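The values are calculated or read from the model by the stated rules, or taken from the named source; none is laboratory data. Note that this is a predicted model, so its numbers are computed, not measured. Positions of Cβ are backbone-derived with ideal geometry, glycine not excepted, and every protein chain shown enters the neighbour counts. In case anyone asks, the SASA skips ligands and DNA or RNA and just uses the protein heavy atoms, side chains included. Shrake-Rupley method; radii C 1.70, N 1.55, O 1.52, S 1.80 Å.
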Amino acid sequence: ASLQILAAMPSRTIGHNLGAIISQYCNRTTRLRRRRPPLQQLSRTARPSLRQYDLETDPTTATLEERRRQLVKELLSLPPSQRSHMLLTMPLSLEEKRNLRRQVSRQRGPLRQHTHHWAPFSPCGLSKICIVLVCTEAVRAPVWAPAPLLSPFSSPQGCRGLWYRLLFLLRTAQPWHYALKQIGGRFGSSVLFYFLFLKTLLMLNFFSFFILLAFVVVLQAVYPPASVSPPPFTGLELLTGAGYFTDSLLYYGYYSNVTLNDPCSSSPKGSVCPLTAPPLPYNLPLAYLFSVVVSFLVTCILLMYSVSRSFRESVRSSAGYLAIKVFCTWDFKVIQKRSVKLQCENICTQLKELLVERRSRSHPQSRCQCLGHYLVVLLAWVLALGSVLGCVVAVHYSLEHMHMDSGRWQQEAIVLVLPLVVSLINALMPYFFNLLAMWEKQESPVTQVYVAIIRNLILKMMVLMLLCHQWLNRRVICSTECWETCVGQDLYRFMVMDFIFTLLDTLFGELIWRLILEKRLKTKRRPEFDVARNVLELIYGQTLTWLGILFAPLLPAVQMLKLLLLFYVKKTSLMRNCQSPSKPWQASRMSTIFIVLLCFPSFLCAAAILSYTIWSVQPSETCGPFRGLETIYESGKRWLLVLEKSNPNITWFAWVYQHLLENTNILFFMSVVVIAVIYFNFEVVRGRQRVICLLQEKIGN
């Protein structure tokens, strides 16, 4: 392999004309035709290399076309495997190789007609020929070049080409494949990351929704509880989540606390059940609890994998990356005009990102300039934190002064006040933070994005902490006795209102502003896509979904529908209303930051609040699968007692549950092991980064 690479390098083939190369390979095919050893029996060192030939001296005086015809004639005499290998190893351009393949396939057509007569075959041989011909037709036109006609008996090549074509189709069948390429080529990796992040959230919600749907929602829909008739559907429920949706599969209060395959569950109280209990009863409350816990565990595993992969990619230093991008980026298999244009735009945008990062590092400031910049940054942070405190006070005031009235329409109007206030704050405050960023005049676009992330994150986390404190203390406006359903309705309203304000922000912040710039101000500038604000909006919406998965099991489905609509709305607005960032920046390191923010502040806080609710908060006494219990966690203990009575052979499971799952020492030990593994992986990555820096210094020397 090394000899082949060295033979194809420009330093070995420079100055050698095309005719000399074709003549040399024509002589090589003649020798191969005389002996024809199998290619697999050749050792690596015995395979031909350009270093063994003097290409500058060509004894023949034939023209280039005669040499090409002679080479085609010799290639036709070789077996298909040696012929394809010879074409691959020739140090010729792709266009020249395509011409050779085309001439070989053109001359094999009449040759096959004259030499191949359909003699009588056995049924097995005839079926083999039919299968091979089907495989050949399937791979006849590959993506990068027209392929030669294959021999009827070259079934491994045909099936291999069919497998490659299927892999290509699977890759192009990925969701939004061409749309993501188009966005990355026109707007760069920073804007592309928003849509990749949205796709990741869609995958996480799909797994959570599938687990809850398979083990809880479908079974409860098949065995519905005896409930009162719901009020008529008016359409306002889509906005408030109340009314017709209150007694439905959407919320916690609809689910029952029965064992589905227990024959004694339908017997009257006080009577003796004559039937024996099933060996493994399906307890719906326990299924509800375990489905929520398993969905969180699956999400945690996927998030940890995403964090490790993103961190591993971002650790690679960007020193020397510009030369790699210039010389080694182009994909020579791309021949379609649309794909070539997209690849050109993508490489151009990536080069801009690299050059902007270098330019931002090569402009040092004086001491007076640094001191003035620090003072401006300090004042901007004081204003930002003061505005965050004012927003939290406004939300607290809205919580304290909301009261239920007698009228239904007034009640539904009041419950929309709090989501309206919170969504209005989340929509307007990022623009105030952008004004502060313009005043600060950060040189690096990455630093500007970091600052915007921290400020928006502080605002959203403070508001969510206040709301969670109100929900867990049951200070919610509720028209029913089931406080869990009311919390689920609040979270549903927050998600719907957040989606509405996102659409309004897209309409007025991008479309209307673009029309004002073009029609009134007569400028060619367009609004830029704010990556930090939009990604944090996605994190905020996903945090609401994780907080409400216990109180509204179908909330991941609502989030999936919201993400699907957001993708197409944002993509259309981006293509029509926005321009490329004026300061392009690479999203390789920023993607790690966003994934970490999704994992630790968002998912970790939601998991902590869920754990506190399961272990410490008393559920409602009249509704839900955990009615009549002190805590939700107590349902697991009751299920173990029922399991021991129904099947004494699995008492070992109860022992494992009591001594391993309930033992705090085991949990502490497992936490220490996980933290140690994370620390060692972090140290290994730091050591690799140090080795990379040393190797780059040696290369520079």
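Within the range 528-551, the set of residues being open to solvent by less than 10 Å² (accessible area, probe 1.4 Å) and outside any helix (DSSP H, G or I) comprises 549, 550.
From the list 675, 666, exactly one residue is assigned to a helix (DSSP H, G or I) and within 26 Å of residue 543 (Cβ to Cβ). Which is it?
Numbers: 666 fails: within 26 Å of residue 543 (Cβ to Cβ).
Exactly one residue qualifies, and that residue is 675.
Within the range 676-689, residues that are more than 13 Å from residue 313 (Cα to Cα) reach partners that are surrounded by 11 or more Cβ atoms within 10 Å (Cβ to Cβ) with beta carbons closer than 8 Å, at six or more positions or on different chains, in the pairs 681/308. When the residues of the range 417-444 are filtered to those that are open to solvent by 10 Å² or more (accessible area, probe 1.4 Å) and of a type in the set (S, T, N, Q), which remaining residue is nearest to residue 378 (Cα to Cα)? Per the stated criteria, the residue is 442. Taking the range 445-493 as the search range and keeping residues that are open to solvent by 40 Å² or more (accessible area, probe 1.4 Å) and of a type in the set (S, T, N, Q), which one is modelled with the lowest pLDDT? Of everything passing the filter in the range 445-493, 479 is modelled with the lowest pLDDT. When residue 185 is tested against (1) at pLDDT below 85; (2) open to solvent by less than 50 Å² (accessible area, probe 1.4 Å); (3) part of a loop (DSSP other than H, G, I, E, B); (4) touching a helix residue (DSSP H, G or I) at 6+ places or on another chain (Cβ under 9 Å), only condition (3) is not met. Here residue 577 fulfils each of the conditions (1) within 27 Å of residue 442 (Cβ to Cβ); (2) modelled with pLDDT of 95 or more; (3) not β-branched (Val, Ile, Thr) apart from (2).
Checking each residue of the range 434-457 against the condition of being closer than 21 Å to residue 610 by Cα, part of a helix (DSSP H, G or I) and in contact (Cβ under 8 Å) with a residue 12 or more places away in the chain gives at least one match. Taking (1) closer than 30 Å to residue 515 by Cα; (2) open to solvent by 30 Å² or more (accessible area, probe 1.4 Å) in turn, residue 612 satisfies each apart from (1).
Taking residue 499 as the residue in question, decide whether it is open to solvent by less than 20 Å² (accessible area, probe 1.4 Å) and of a type outside the set (Val, Ile, Thr). Criteria not met by residue 499. Exactly one residue among 193, 210, 168 is in a helix (DSSP H, G or I), open to solvent by 70 Å² or more (accessible area, probe 1.4 Å) and either among the β-branched types (Val, Ile, Thr) or modelled with pLDDT of 85 or more (or both), and that residue is 210.
For residue 525, the stated conditions do not hold, so it cannot be described as farther than 17 Å from residue 199 by Cα, part of a helix (DSSP H, G or I) and not small (Gly, Ala, Ser). Scanning the range 502-525 for residues that are touching an Asp or Glu at 6+ places or on another chain (Cβ under 9 Å) and either at pLDDT 85 or above or closer than 30 Å to residue 546 by Cα (or both) gives 502, 505, 509. For beta carbons closer than 7 Å, sequence separation of 6+ or different chains, a first residue in the range 463-474 that is without any contact (Cβ under 8 Å) to a residue 12 or more places away in the chain and among the charged types (D, E, K, R) and a second that is part of a helix (DSSP H, G or I) and surrounded by 16 or more Cβ atoms within 10 Å (Cβ to Cβ), the qualifying pairs are 474/483. Across the range 657-673, the qualifying residues are those that are β-branched (Val, Ile, Thr) and surrounded by fewer than 11 Cβ atoms within 10 Å (Cβ to Cβ), and the one among them that is modelled with the lowest pLDDT is 664. Comparison of 50, 92 shows that the only residue that is at pLDDT 50 or above and on the phi < 0 side of the Ramachandran plot is 92.
Residue by residue, here is whether (1) on the phi > 0 side of the Ramachandran plot; (2) hydrophobic (A, V, I, L, M, F, W, C); (3) open to solvent by 20 Å² or more (accessible area, probe 1.4 Å); (4) in contact (Cβ under 8 Å) with a residue 12 or more places away in the chain holds:
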{"residue": "566", "(1), (2), (3), (4)": "no, yes, no, yes"}
{"residue": "570", "(1), (2), (3), (4)": "no, no, no, yes"}
{"residue": "573", "(1), (2), (3), (4)": "no, no, no, yes"}
{"residue": "581", "(1), (2), (3), (4)": "no, no, yes, yes"}
{"residue": "624", "(1), (2), (3), (4)": "yes, no, no, yes"}
{"residue": "632", "(1), (2), (3), (4)": "no, yes, no, yes"}
{"residue": "639", "(1), (2), (3), (4)": "no, yes, yes, yes"}
{"residue": "649", "(1), (2), (3), (4)": "no, no, yes, no"}
